[in-house]
Amino acid sequence: MRALLLALLPTLALAAPPAQTRRVTSILVPMDPDSEAGSVQMESYMNDALGNFAGFTVRKPEEIFGLPGDPNAQSALERARKGYTESAAAFDKKEYDDAEAKIRATLKELSGAPAAMRGCSPLCESLALYAAVLHLRGDVEEAKLVLIDLIAVSPTFELNPKRFSRDFIALRVQVATGRSSLLRGSATVKSRPAGARVYVDGDLVGYTPVTIPALSVGKHLLRLERPGFRQYGQLMEVTPDDVEVSADLAPTAAYKSFDGQLDRVASEVSRGISQANGVSSLGKSLGLERAMLGTIKAAGEGSEVILGYYDIRTGKKLGGRRVVLQGDEFGQLKQEMERIVNQLVNNAEGGGEKVVRSADPLDGKGGMEDWGAEDRGGKTRSQDKKRKAGDDPLDGVSGTEDW
């Protein structure tokens, strides 16, 4: 029997249940309008850090609150897709008047669809078709303006030579290499509340409020996303003058309920309460076992952040930190937030912060250690030499020893 048990031990070990995973997230409560924009970005940095720990399943704000789309934008997009198909069919049949009427209606629908768009289709195809119709009827200058919009939203969009004439394709090349295509402008995008992710032509460019410089003149697809709020979008017209866009984001009912609990949570976090019932109540409503909660407020040119790491089941505070961060001018904010999160979690879950020895032989060196040394190979002769009466007390001293 003993031999049988020993033989089964490897199998039993493999069949053992896996270590329990804990659902965790990070939430930062802005305490003033100036801190609202940075809170969402810093939350993402903290969640990235939590995701590096084995045994944690990070519930990101998108999962908790959702990113609801705009149903009106989605309906407009579906109508635009149908309209483009009909326009292209009429164009291919050389029914250009019908194609123009249909493509105009399609572009009107597309102006209300950016919140639902994840690429330039069918906008790019519609702009190309409309420009081709204008070119065929002799409105070359109007066709050029439409092509400028097409190149702005998608510089690499290719025209189908089976559908479009060589003259029209040559006109597109002419516009792309002309002076108009070299014009640039900037756009400042704001939202209420701030901190929404900003996408221009499908690329993430920052968080509101943000100024995007050197955008090509013409139309661009703008989309804003903030967890718990309906997505917002528009066709943004960029000119050589500065453009400003402001959007009021509509919250979901679930986010309104969550927002109503934040005052109590912020009070418990900022006061460092060791048994935080408000935190526990909020965490349970979000389906969490652990939470990294904090407050953020402006402090001079930086931000003061108070963080608490909590066991949601009991509401017990497992650790906390208060830090002042000096912005993100050199991209250091992500690393700083990761370091703080790692310290709090390691101290609470692992019995102490893990210290990793750097492989860099110069790490921790100030560069001044050997300035007064006479022998670089070990102990300096100035250390070995015994001082005699009458010797110069400054002999062998460089003045940099305590740097």
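The values are calculated or read from the model by the stated rules, or taken from the named source; none is laboratory data. Here the structure is a predicted model, which is why all the values come from computation and not from measurement. When we count neighbours, we look across all protein chains shown, and the Cβ atoms used for this are built from the backbone with ideal geometry, even at glycine. For accessibility, only protein heavy atoms count, side chains too; no ligands or nucleic acids. Shrake-Rupley method; radii C 1.70, N 1.55, O 1.52, S 1.80 Å.
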Note to self: Can you give me the % of accessible surface on the range 74-131 that is carbon or sulfur? Probe 1.4 Å, all protein chains present, nothing else counted.
What the structure shows: 50
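Could you calculate the FRET efficiency of Arg179 with Arg264 from 1/(1 + (r/R0)^6), where r is the beta carbon distance between them and R0 is 51 Å, rounded to 0.05? Display every interim value, and only then the final one.
Values: r = 59 Å, r/R0 = 1.16.
About 0.30, to the nearest 0.05.
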Next item on the list: Could you pull out the pairs from Lys60/Lys284; Lys256/Lys317; Lys144/Lys190; Lys82/Lys162 whose alpha carbons sit more than 19 Å apart here?
Entry: Lys256/Lys317; Lys144/Lys190; Lys82/Lys162
Check: For the range 11-130, max minus min Cα coordinate along each principal axis, in Å, sorted largest first?
Finding: 72, 53, 21
Next item on the list: Run the 1.4 Å probe and let me know the accessible area of Thr252, rounded to the nearest 10 Å².
Entry: 30
Next item on the list: Please report, in cubic angstrom per residue, the volume enclosed by the convex hull of the alpha-carbon atoms of the range 272-342.
Entry: 90
Checklist line | Whole-angstrom gap from the range 174-205 to the range 217-231, using each part's C-alpha centre | finding: 11
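Given a 1.4 Å probe and heavy atoms of the protein chains only, how would you sort His135, His220, largest accessible area at the top? Could the numbers behind the result be given before it?
Details: His135 40, His220 5 Å².
Ranked list, largest accessible area first: His135, His220.
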Checklist line | Tail beyond 18 Å, pair distance distribution of the range 132-203 (Cα, percent) | finding: 49
Notebook entry, point to check: Cα-based Rg (one decimal) and Dmax (whole number) for the range 139-270, in Å?
Noted result: 20.0, 69
Notebook entry, point to check: For the pair Val324 and Asp241, how long in nm is the line joining their label points, each one 7 Å along Cα→Cβ?
Noted result: 4.2
Margin query: When a/c reaches 1.5 or more, the comparison of a/b and b/c decides; with that in mind, is the range 82-189 rounded, prolate or oblate per its Cα gyration tensor?
Written below: oblate
